[in-house]
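K.L.:
Got a structure for you, questions after.
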Amino acid sequence: RSNADYTTPDMGNRYRSSEEIMESILSYERESEHGLNGFILLLHIGTHPGRTDKFYYRLGKLIGELRERGYGFGRIK
């Protein structure tokens, strides 16, 4: 649910906090047979000003956690 980082609190039950987004990514990694191998993570770097809980501030934590789990990262061209 990383693509839910565009949502804002005024969207009601469609809103996803950065903590929920982080947990959904790590949960998918734990529960999927192949983890995040081949996974493409979509983030919105420019988000609505109404979203003060910006997920991209947690990107370093996510990358660190995934590196600890043995993942590497590549650039898509």
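Since every read-out is calculated from the coordinates, none of them should be taken as a lab result. Here the structure is a predicted model, which means the values were calculated and not measured. Cβ: placed from backbone, ideal geometry, glycine included. Neighbour counts: every protein chain shown.
K.L.:
Just to be sure I understand, if you calculate mean projected area of the Cα convex hull in nm² for this structure, which of (1) 4.6; (2) 6.4; (3) 5.6 do you get?
P.N.:
(3)
K.L.:
So if each residue of separation counts as 0.36 nm, and I subtract the Cα-Cα distance between LEU41 and LEU59, what length gain in nm does that give?
P.N.:
5.4 nm
K.L.:
Looking at the chain, which GluC sites (Glu not before Pro) are DSSP coil and have at most 10 other C-beta atoms within 10 Å of their C-beta?
P.N.:
For GluC sites (Glu not before Pro) across the chain that sit outside H, G, I, E and B with at most 10 neighbouring Cβ atoms in 10 Å, the list reads GLU33.
K.L.:
May I ask for the angle, rounded to the nearest 10°, between helix 18-31 and the longest principal axis of the chain, with both axes built from Cα atoms and the value confined to 0 to 90°?
P.N.:
The angle comes out at about 30 degrees.
K.L.:
Let me spell out the model: positive unit charges on the Cβ of Lys and Arg, negative unit charges on the Cβ of Asp and Glu, origin at the Cα centre of the chain. What dipole size does that give, in debye rounded to 20?
P.N.:
It comes to approximately 340 debye.
K.L.:
Lys and Arg at +1, Asp and Glu at -1: add these up for the other residues within a Cβ distance under 14 Å of TYR57 and post the number.
P.N.:
+1
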